[in-house]
Every structure is written in C-alpha cells, then in structure tokens.
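Quick notes on the structure that follows.
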Amino acid sequence: MVQALLQAGLRAPSADNRHTLRFAWRGDTLQMLSTDAPSWAGLPHRRLLAHMAYGAVLENLRLRSLELGLALHEQVFPDAAQPHRIAELQWTATSQRADPLSAHIETRHTNRRFYQRARLTAATLDRLSEAALHIPGTQLRWLDAPAQRGAALHAIRLDETERFKQRELHHELFSAVRFDVGWKGSADAGLPPAALEVEAPMRAPFAAMRHWRLMRIASWLGLHHALGMRAGYLPAALSPHIGLVLAEEGPGDVPGAALNAGRAMQRVWLAAQAQGLALQPLAAATVLLAQEPLGQWVRPVVQARIGASLQLAAPESTGHKPCLLFRIGRASAPTVTTCRTSPRLDAY
C-alpha cells in the first residue's frame, strides 16, 4: 500500500519532469527527503521549484490516502538545520470522506498546445478557486482585468526572452529537453520534445538552438525576442485566462510559502482536469525573481522589470508572495504526456 501511495505522490508535477526526492523509513515514520538541497545555496531558484513540487507531492499523498481510508499526518520541515528533510509522514485509519480530486491524479498532465479563445464560465472559475481555498494562506487570482493581464503577459515575455539570451538560463532550459527520444517518444525523466508542441517546420531550428554558439549568434540578430514570444507570450496571450497562485509569507518562510503554493496549484490542476480543461504552468517569471542575478543568469535590470510587472499583476497582495503563473482553457489533447519513475524507498 505504501508503494501505491508513493506512486500517486510522484504523479505530481515537477520542474523538468524530475522529482528530486526520496523516501525512507525511520521507525514507523516515513521521511520525505530532498536530493537537491546541496544546490540551493548557490541556486536559490531551484529551492523554490523543488518546494512547489514537494507541496504537490504531499497533496497527492493526502488525497490518495483518504481514498484508501487513511488520514495522512505530516510534519513539514522538522529540522531547520537539515533542509533536506522536507516532511515526516504517518498514517491512521479515518472515516473522513475521500476527495473526488484524487480520481484525477493519474490523468493530470501539462498541455502546451494553443488553447481555444472561448472564456470559461464564472461558475467554472469559481470551482477552480474553491479548490485552492483548501490550502491555508494561499490565494488564486484570475488576471482577467486588462491592466493585470497585460502586466502578467509583460512578465512572461521578459522571462522567456531572457531564458534564450543568457547562457546559464539557456543551458538550464535545453538540458531538460530529451532530444534523444525523438519527436514522437515520451520519457519518465526530462521533457520529451513532442511535449513542447513545436510546429513541425520549426523543430530542426529549435533543436539547433540548443547549441550555445548558434544561440548567441541568433541573439545578436535579435531572434531571442521571437523565441521568447513563441515560447511563452503567444500561448499565454491567446489563452482565455491567466491565473496566479500566491502564498502567505512568514518571517524567512520562503520554503513554507512555496510548499503551500505547490499544494494549492495541484488542487487547481486536478480540478481543471476533472472538468476537461487544459493547463500549463508558467513558472519562469517567479523563478527568475528567486535567482541570484550573477554571471550569465538573469540580468538585474530584467529581474527588476519582472518584479515590477508581477506587482502590477497582483496589487493589494501584501504579505503574499507570487509563486506561480499559469494559463488555462480548452484545447486538443497533447501530442504526448510524460511518464513517471518508480518511487525510491530506503531505510534511514
């Protein structure tokens, strides 16, 4: 049963389709341990991405546990001196009703196609917002007002353009793509090219752009602007709705905010799946804000512009941190969906 629970947990979304965690028994307590913590000091944006993914895993575990008649009891961040210890988990029997969202854990997926322009009904948006309200300290904002939507689109255009222009960002972007599986296959780690929904005539040029020398020449010609527009701005601008998940910040509580944001986003995503909707997270804007603007990572001027745009997109959000933008609507099924590796369960 534990293996089945953990398999459901790992069906949660993660950056680049890679979960950086393992599970280990310690007495009658199951430890959830990060395998990526050593990188966080120099690359704080990886901590943000990791903790949002861990939050989604915990929410999947909670939902599947209820489905099996179990209550999940968790202590998150049990030891501040050991940041790799994300949570301690125990289970007890319960008569609490299962949450219908658990039925969609296995079918949830990212859809990077262009979405239909038709807007969703107010009732549909309300149901999605209600899904997020189950996580204390989080908010879901629909950026439908022209000023807020324009600010979000500006941030998306800036972040995607920067990812093609700066060497380290470019490397991080393309190192996640599994060109070895071709344009038809899937993968249980990394992003298969087919999942990116690149148009057939553009596949060869896109694959060539993974070589930094060629990308640098293209940037001199200004092509990074076109790539950024296609990668993020156009899909978002042509989508009927853009959402933003925010989480309450405590003193020095960035991991807690990200963890809760991941839980809220997972619930929204499962609720969207239940209604046959397409969804794509657009994490780059908030991730670039978390980066150290050094070397060939995000430039300080771009980071400042992204931050200003997100403030305009989410006014009156004092005390809440913007954690994740996403687009949502209706679309054809994705070309491929990614797989998942089996959970790693050790002694500790």
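The values are calculated or read from the model by the stated rules, or taken from the named source; none is laboratory data. Computed from a predicted model, the values in this text were never measured in an experiment. Cβ coordinates were reconstructed from backbone atoms using ideal geometry, including for glycine residues, and neighbour counts include every protein chain displayed.
Numerical summary
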quantity: Output for the range 130-145, where each listed residue is buried (at least 16 other Cβ atoms within 10 Å of the Cβ) and either free of Cβ contacts under 8 Å to residues at least 40 places away in the same chain or of a type in the set (Phe, Trp, Tyr) (or both); calculated: 142
quantity: Those residues of the range 146-185 which are of a type in the set (Asp, Glu), out of contact with any Gly (no Cβ under 8 Å at 6 or more places or on another chain) and either assigned to a strand (DSSP E or B) or buried (at least 16 other Cβ atoms within 10 Å of the Cβ) (or both), in sequence order; calculated: 172
quantity: Criterion violated by residue 301 - all others in (1) assigned to a helix (DSSP H, G or I); (2) under 24 Å from residue 177 (Cβ atoms) satisfied; calculated: (2)
quantity: Unique match (being surrounded by fewer than 16 Cβ atoms within 10 Å (Cβ to Cβ) and either modelled with pLDDT under 95 or under 20 Å from residue 270 (Cβ atoms) (or both)) among 64, 97; calculated: 97
quantity: Test: residue 14 is surrounded by fewer than 23 Cβ atoms within 10 Å (Cβ to Cβ), without any contact (Cβ under 8 Å) to a residue 24 or more places away in the chain and not assigned by TED's automatic domain parsing to the domain that holds residue 322; calculated: no
quantity: Some residue of the range 36-48 being surrounded by 20 or more Cβ atoms within 10 Å (Cβ to Cβ) and more than 29 Å from residue 194 (Cβ to Cβ); calculated: yes
quantity: Residues that are touching a Lys or Arg at 6+ places or on another chain (Cβ under 7 Å) and in a strand (DSSP E or B), drawn from the range 1-37; calculated: 22, 23, 31, 33
quantity: From the options 132, 122, residue that is of a type in the set (A, V, I, L, M, F, W, C), closer than 23 Å to residue 331 by Cβ and under 17 Å from the mean Cα position of the chain (by Cα); calculated: 132
quantity: Residue in the range 240-248 that is out of contact with any helix residue (DSSP H, G or I) (no Cβ under 9 Å at 6 or more places or on another chain) and either under 21 Å from residue 329 (Cβ atoms) or not assigned by TED's automatic domain parsing to the domain that holds residue 153 (or both) present; calculated: yes
quantity: Within the range 219-278, tally of residues that are part of a helix (DSSP H, G or I) and within 23 Å of residue 116 (Cα to Cα); calculated: 22
quantity: Residue, farthest from residue 14 (Cα to Cα), within the range 109-129, restricted to residues that are surrounded by 17 or more Cβ atoms within 10 Å (Cβ to Cβ) and among the aliphatic types (A, V, I, L, M); calculated: 120
quantity: Leading residue by the ranking (nearest to the chain's Cα centre (by Cα)) among those in the range 78-88 that are modelled with pLDDT of 95 or more and among the hydrophobic types (A, V, I, L, M, F, W, C); calculated: 86
quantity: Single condition residue 56 does not satisfy, out of (1) at pLDDT 95 or above; (2) outside any helix (DSSP H, G or I); calculated: (2)
quantity: Condition met for residue 261 (assigned by TED's automatic domain parsing to the domain that holds residue 155 and surrounded by fewer than 23 Cβ atoms within 10 Å (Cβ to Cβ)); calculated: no
